[in-house]
1. Within region 151-161, can you find the residues that are under 17 Å from LEU123 (Cα atoms) and free of Cβ contacts under 8 Å to residues at least 24 places away in the same chain?
2. How many of the residues making up region 204-215 are surrounded by fewer than 17 Cβ atoms within 10 Å (Cβ to Cβ) and under 18 Å from PRO125 (Cβ atoms)?
3. Determine if region 162-174 includes at least one residue that is out of contact with any Gly (no Cβ under 8 Å at 6 or more places or on another chain), more than 15 Å from LEU123 (Cβ to Cβ) and buried (at least 17 other Cβ atoms within 10 Å of the Cβ).
4. Could you grab me the full set of residues in region 90-147 that are surrounded by fewer than 21 Cβ atoms within 10 Å (Cβ to Cβ) and of a type in the set (Val, Ile, Thr)?
5. Any residue at all in region 86-104 that's in a strand (DSSP E or B) and within 12 Å of the chain's Cα centre (by Cα)?
6. Need pairs with beta-carbon distance below 9 Å; first residue touching a residue at least 24 places away in the same chain (Cβ under 8 Å) and within region 134-146, second part of a helix (DSSP H, G or I) and surrounded by fewer than 16 Cβ atoms within 10 Å (Cβ to Cβ); sequence gap 6+ or separate chains.
7. The conditions are (1) within 21 Å of TRP206 (Cα to Cα); (2) in contact with a helix residue (DSSP H, G or I) (Cβ under 6 Å, 6 or more places away or on another chain), and LEU167 fails exactly one of them. Which is it?
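The values are calculated or read from the model by the stated rules, or taken from the named source; none is laboratory data. Note that the coordinates shown come from a computational prediction; the quantities given were computed from them, not determined experimentally. So basically every Cβ, Gly included, is an ideal-geometry build from the backbone, and we count neighbours across all protein chains shown.
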Amino acid sequence: MTIRWEWCFCTPVESVHVPFARAQAEDGITGKQRNIAMTLVASTIGNAKGDAALSLDAVTPFGYSDSMPRRARVAPGGVVFHALNRAVARLPLFQKDGDYEAFERVLLEAQDLFPIRILGYCLMPNHWHFLLWPKVDGELTAFLRWLTHTHTMRWHTHYHTSGTGHLYQGRFKAFPVEEDDHYFTVLRYVERNALRANLVERAEDWRWGSLWRRQF
């Protein structure tokens, strides 16, 4: 499968620097506006009203809280987010290479419809992570909502399980990345997921992620 490089930075991590002061200036966001945006962003933004809440581990990395109540689903443009979701009951999302390839095809379609900037990603057997930089308000929610909904429909069609229930455990979660140092920490966390899970001996050997693609 040929990946369009424009939706993923393909340079070494050291050159994927996102100076937030400059990004705010380019996007017309003042420091006060950005602080307000960070206050408004909840840990459960995403899908349609009435979806079940996503439940991850009791303690999540980087101090994210799993017990935050639902708030208005606000995802402002010009802010980098770490987004993630997993399969219901931790069942596998991806059982074979073809499943990963099918998801990446859906990913390309989603990026065509909602041209969000993808800074990094990693697909794992029962969950996925993205580092996303939306240009406008609401772009992140629209992108991830379409991605998960379309992937769910095609997954059920492929496995002849339509009508049997949910594929994802619930709405996606998205967390703002507030500083440059935090950005690099989160990017390393996302791209080293397969290594921590002992799926590969080197993080860059995991085919289903941005670190592997940056080698080419």
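1. THR152
2. Final tally of qualifying residues: 2.
3. Within region 162-174, one or more residues are out of contact with any Gly (no Cβ under 8 Å at 6 or more places or on another chain), more than 15 Å from LEU123 (Cβ to Cβ) and buried (at least 17 other Cβ atoms within 10 Å of the Cβ).
4. Of everything in region 90-147, those that are surrounded by fewer than 21 Cβ atoms within 10 Å (Cβ to Cβ) and of a type in the set (Val, Ile, Thr) turn out to be VAL106, ILE118, VAL136.
5. Taking every residue of region 86-104 in turn, at least one turns out to be in a strand (DSSP E or B) and within 12 Å of the chain's Cα centre (by Cα).
6. Sorted first by the residue in region 134-146, then by its partner, the pairs are ALA142/LEU113; PHE143/LEU113; TRP146/GLU109; TRP146/LEU113.
7. That leaves (1) as the condition not met.
For every residue, the table says whether it meets (1) more than 21 Å from PRO76 (Cα to Cα); (2) assigned to a helix (DSSP H, G or I).
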| site | (1), (2) |
| --- | --- |
| VAL106 | yes, yes |
| CYS122 | yes, no |
| THR141 | no, yes |
| ARG145 | no, yes |
| HIS166 | yes, no |
| GLY170 | yes, no |
